Amino acid sequence: MDTFEVIISPEAKSQLSDYVRYIRKVLLNDVAAKSVYEDAIETGKRLSVVAGSLAYCKDEKLRNYGYRAIYFKRHQYVMIYRTVGQIAYVDGIFHLRQDYENLFAINQDL
């Protein structure tokens, strides 16, 4: 079974950090913040195994650029990524209540 190296972009790391900080500082829930962070780590590990097999994004622009999505197992978040060879590049992390495909396309200037 082939595995992928997973590289998280600085932007995606910043997005995750913002969500965790919001949960800790605004919602005042350290347990939930830790749980979301741990779910992100586990999602990255799963991505290293399944990156090449997941469906492409529904949004045409993202699909044309080869972007796919992997959903967190226990929380309402998603990682947007693309593969190049055996490397999975995570370029965005979003909450599912956001219009994440459109936001991502705008942020990436696609």
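Would you mind telling me which residue in ILE23, ILE80, ILE93 has the biggest mean-square fluctuation in a Gaussian network model of the chain, where springs connect alpha carbons within a distance under 10 angstrom?
ILE23
Compute the FRET efficiency between ASP99 and GLU38 as 1/(1 + (r/R0)^6), taking r as their Cβ-Cβ distance and R0 = 25 Å, and round to the nearest 0.05.
Numbers: r = 26 Å, r/R0 = 1.05.
For R0 = 25 Å, the calculated efficiency reads 0.45.
State to the nearest 20 debye the size of the charge dipole of the range 7-99 about its Cα centre, where the only charges are +1 on K and R beta carbons and -1 on D and E beta carbons. Working shown, then result.
Values: 15 positive and 10 negative charges, 26 e Å.
Magnitude of the dipole: close to 120 debye.
Ignoring ligands, DNA and RNA, what percent of the accessible area of the chain is carbon or sulfur (1.4 Å)?
Working: 3460 of 6720 Å².
Using a 1.4 Å probe with all protein chains present, the chain comes out at 51 percent carbon and sulfur.
Cα axis of helix 10-25 to longest principal axis of the chain: angle in degrees, 0 to 90, nearest 10?
Tilt relative to the chain: about 20 degrees.
Give me the one-decimal nm value for the distance between modelled label points at ARG21 and THR83, 7 Å along each residue's Cα-to-Cβ direction.
3.3
Connecting C-alpha atoms closer than 10 Å in a GNM of the chain, tell me which of TYR89, TYR81, TYR65 has the biggest fluctuation.
Top of the fluctuation ranking is TYR65.
Can you pull the accessible area of LYS61 for me, 1.4 Å probe, Å² to the nearest 10?
LYS61 has an accessible surface of roughly 90 Å² with all protein chains in place.
With all distinct Cα pairs included, what does the Kirkwood hydrodynamic radius of the range 67-110 come out to in Å, to one decimal, could you say? Kindly include the intermediate steps, with their values, before the conclusion.
Details: mean 1/r = 0.0919 Å⁻¹.
About 10.9 Å, per the Kirkwood formula over Cα pairs.
How many lysine pairs in the chain, separated by 8 or more positions in sequence or lying on different chains, have Cα atoms less than 26 Å apart?
Lysine pairs, 8 or more places apart or on different chains, close enough: 14.
Which value in deg cm²/dmol, rounded to the nearest 500, describes the helix-derived mean residue ellipticity at 222 nm for the chain, given -39,500 (n - 2.57) per DSSP H run of n ≥ 4 and division by the residue count?
On the way: 4 runs with 50 residues, N = 110.
For the chain, the value works out to -14500 deg cm²/dmol.
Rg/Rh for the range 1-79 to two decimals, with Rh computed the Kirkwood way over all alpha-carbon pairs. Please report the intermediate quantities before stating the final value.
Numbers: Rg = 13.9 Å, Rh = 13.7 Å.
Over the Cα atoms of the range 1-79, Rg/Rh equals 1.01.
Percent relative contact order of the chain, based on C-alpha pairs within less than 8 angstrom and at least six residues apart?
Details: 155 pairs, mean separation 33.8, N = 110.
Reported as a whole number, the value is 31 percent.
Mean-square fluctuation check for the chain, GNM, Cα pairs under 10 Å: which of GLY92, GLY66, GLY44 is largest?
Looking only at GLY92, GLY66, GLY44, the largest GNM fluctuation is found for GLY66.
Quick check: pseudo-label points 7 Å beyond the Cα along Cα→Cβ at TYR71 and LEU28, how many nm apart are they?
Between TYR71 and LEU28, the simple spin-label model gives 3.2 nm.
For the chain, take the longest principal axis of its alpha carbons; what is the angle in degrees between that and the long axis of helix 30-50, to the nearest 10 within 0 to 90?
10
The values are calculated or read from the model by the stated rules, or taken from the named source; none is laboratory data. This is a predicted model, so every value here is computed, not measured. Every residue, glycine as well, gets a Cβ built from its backbone with ideal geometry; the counts of neighbours run over all protein chains shown. Accessible surface areas use protein heavy atoms only, side chains included; no ligands, DNA or RNA. Shrake-Rupley method; radii C 1.70, N 1.55, O 1.52, S 1.80 Å.
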